[in-house]
Amino acid sequence: MTRELTRPLPWNWWLKKAVYFQFMMRELTSVAVFAYALLIIWALLSAADAGAFSTFYTFLSSSLSVWLHLVILVLALYHTGTWIALTPKVMVLWRGDERVDPGVIAGANSILFLMISGAVIWLVLM
Amino acid sequence: MGATDRTVLDVYRYLPDNESEPTFQSYEFDYQDNWVVLDALNHIKAEIDSTLSFRWSCRMGVCGSCGMMVNGEPKLTCETFIRDYDTQTITIEPLSHFPVIRDLVINMDDFMEKLPRVSPWLIPDEDKPLEDGEYLQTPAQVAHYKRFSMCINCMLCYSACPVYGLDPSFTGPAVLALAARYNLDSRDDGMKERAAEVSAHEGIWECTYVGECTQVCPKDVDPAGAIQMLKLSYALDWAKSVVMPRSSGS
């Protein structure tokens with residue numbers, strides 16, 4: 001019987017290739033998205049009570065909150081970009097016998113994302 | 001005859017009868033600029049060290065036998081030219097994530113066992129009688145699945161996939177791409193029959209979309225795209241079975 005050699009992945013496998021590192025960063029950015037979801041839940045739960053909302057509002061005004069928002073914004077944008085880049089893989093569209101160019105699908109999704117984001121920003125600032 | 005130059009191949013050696021740990025052995029020799037890595041390995045085997053073991057067959061990127069890690073990247077060695085490497089030393093290792101039997105020869109039993117699990121053949125609802133002739137398809141219908149049908153089972157995608165490296169129970173890129181190839185075929189009605197294997201946790205849902213399987217594929221099969229498409233189609237099928245349980249037939 002031949003002794004076969006198994007080679008488990010080392011713990012730092014994701015540091016050995018740029019693609020693997022980018023993948024891990026993409027996965028990690030979902031933590032930031034989750035953290036912001038928790039913040040929104042906090043806002044919703046405190047909305048019914050003036051005292052609780054005041055505490056939430058005080059936190060929002062703090063410099064820690066501003067920095068947190070900036071960091072989460074950058075990470076969420078990266079996260080969104082990775083999903084938009086993925087859309088042509090899932091949305092395979094055909095125009096007759098020819099496949100619609102993946103760049104067109106990703107581009108259309110990017111434009112849609114920018115338009116919706118712009119509309120939300122306009123709603124908030126108006 | 002092309003021009004000659006000198007190179008060093010740093011080759012992974014594992015001789016289970018003699019040693020318990022793998023080592024690297026360097027071979028220095030002249031090569032011609034039209035040599036691929038497989039030519040160099042055959043040169044070593046014929047002229048320098050006959051004990052070196054590796055798999056190969058067609059030498060033209062069709063059989064999928066000669067996949068190895070070349071400087072850490074999964075490659076078909078019959079398509080990888082030595083002249084394309086700037087470094088004088090090229091490292092050759094067996095495909096990652098598979099057990100090594102000897103030197104550059106890996107055990108592919110896991111892949112071969114998974115391959116038939118997704119029923120990679122046409123499953124029509126009803127077999128047509130012979131007198132009805134062929135199952136005809138339009139070029140558009142062929143185009144829907146053709147890119148997923150070009151797989152040569154070289155397993156480079158498994159070597160590039162860290163999900164498979166971390167959890168060998170993952171069905172894996174090539175097998176799932178093959179399932180997509182048949183699900184997308186207009187002559188096939190076997191999507192539901194494949195669901196138990198394809199839409200299992202170890203199937204498409206284990207994939208976290210690293211995407212490197214598609215990058216290393218020598219035949220542009222795009223297994224990562226196939227898996228994401230399968231996720232969407234099985235998710236829609238599930239949603240349909242919840243909303244319209246009678247029409248889905250499940």
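The values are calculated or read from the model by the stated rules, or taken from the named source; none is laboratory data. Just so it is clear, the structure is predicted and the values come from calculations on it, not from any experiment. Note that each Cβ is placed from the backbone with ideal geometry, even for glycine, and that neighbours are counted across all protein chains shown.
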- Message: So the check is Cβ under 6 Å with 6+ separation or different chains; which pairs have a first residue in segment A:21-46 that's surrounded by 12 or more Cβ atoms within 10 Å (Cβ to Cβ) and a second one that's β-branched (V, I, T) and in a helix (DSSP H, G or I)?
- Response: A:R26/A:T82; A:A32/A:I72; A:Y36/A:I72
- Inside segment B:128-180, the number of residues satisfying the requirement of being within 11 Å of chain A (Cβ to nearest Cβ) and of a type in the set (V, I, T) is 3
- Just checking, which of B:E113, B:E93, B:E73 is at pLDDT 95 or above, in the same structural domain as B:D220 (by TED's automatic domain parsing) and within 26 Å of B:L166 (Cβ to Cβ)? B:E113
- Can A:G96 be described as within 14 Å of chain B (Cβ to nearest Cβ), over 30 Å from B:D109 (Cα atoms) and modelled with pLDDT under 95? yes
- Query: When segment A:69-99 is examined, which residues are found to be without any contact (Cβ under 8 Å) to a residue 12 or more places away in the chain, hydrophobic (A, V, I, L, M, F, W, C) and closer than 21 Å to A:L114 by Cα?
  - Reply: A:L70, A:L73, A:V74, A:L77, A:W83, A:L86, A:V90
- If we keep just the residues of segment B:7-33 that are assigned to a loop (DSSP other than H, G, I, E, B) and in contact with a Lys or Arg (Cβ under 8 Å, 6 or more places away or on another chain), which is farthest from the other protein chains (Cβ to nearest Cβ)? B:D33
- Test A:V66 against the criterion of being hydrophobic (A, V, I, L, M, F, W, C) and away from every other protein chain (no Cβ under 14 Å), and give yes or no. yes
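Is segment B:185-197 home to any residue that is within 14 Å of another protein chain (Cβ to nearest Cβ) and more than 19 Å from the chain's Cα centre (by Cα)?
The answer is yes; a qualifying residue exists.
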- Which of the residues that make up segment B:66-105 are in a helix (DSSP H, G or I), surrounded by fewer than 16 Cβ atoms within 10 Å (Cβ to Cβ) and of a type outside the set (D, E)? B:R83
- Query: Has segment A:78-86 got any residue that is within 14 Å of chain B (Cβ to nearest Cβ), loosely packed, with under 15 Cβ neighbours inside 10 Å and assigned to a helix (DSSP H, G or I)?
  - Reply: yes
- Query: Got at least one residue in segment B:117-124 being touching a residue at least 40 places away in the same chain (Cβ under 8 Å) and part of a helix (DSSP H, G or I)?
  - Reply: yes
